[in-house]
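Values in this text are rule-based calculations from the coordinates and carry no lab data. The structure presented is a predicted model; accordingly, all values stated were derived computationally and were not measured. In this analysis, Cβ positions are derived from the backbone assuming ideal geometry, glycine residues included, and neighbour counts consider all displayed protein chains.
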Amino acid sequence: MRSLVSIDDGEETKSVRDSDIAPLIGQVKIAITAGVEQEFIRCEELAGLEITAAQFVIIRNVLRGSAESACELCHALEVTAAGKAAFPIMEACVDRVVGQMLKGVTKAQIRETQKVLKRMLENV
């Protein structure tokens, strides 16, 4: 089967199918999710709330006012006082997980990765 799309990285051209980008992005997403959930469990202030990474994303979107779908997050699900109080702690947990994953990665590499991922999303 011939590839309809190719990637030219300056040294060689290979099909998107042979590229490891999609599985790598998926693996990073899984690692971040698992790391965040473990960090929430380890955090004394959050452990009792039993918040998942998916719930954190919903809370973050509601508190930042950036719903824009899933029926405007069910008409902006109301975040409880406990959720609002826990939110900064959850953000700090996420920062720790991502910070750990980015050890040894330069700022230039981070900027380039962000640029590539944003460009990929623009193409959707």
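Of the peptides 28-38, 84-94, the order by per-residue mean of other Cβ atoms within 10 Å, starting with the highest, comes out as 84-94, 28-38.
Which value, in debye to the nearest 20, describes the size of the charge dipole of segment 18-119 about its Cα centre when Lys and Arg Cβ atoms bear +1, Asp and Glu Cβ atoms bear -1, and nothing else is charged? Intermediate results must be reported in sequence, preceding the final value.
Working: 12 positive and 13 negative charges, 104 e Å.
Using Cβ point charges on Lys, Arg, Asp and Glu, segment 18-119 gives about 500 debye.
Here the calculated FRET efficiency for Leu77 and Val28, from their Cβ-Cβ distance with R0 = 41 Å, stands at 0.90, rounded to the nearest 0.05.
Electrostatic bookkeeping for Cys93 treats Lys and Arg as +1 and Asp and Glu as -1; over the other residues with beta carbon under 11 Å from its beta carbon, the sum is -3.
Can you tell which of Gly35, Ala54, Ala108 lies farthest toward the positive end of the dipole of segment 18-119, using +1 and -1 charges on the Cβ of basic and acidic side chains (Lys, Arg; Asp, Glu)? Going by the charge dipole, the pick is Ala108.
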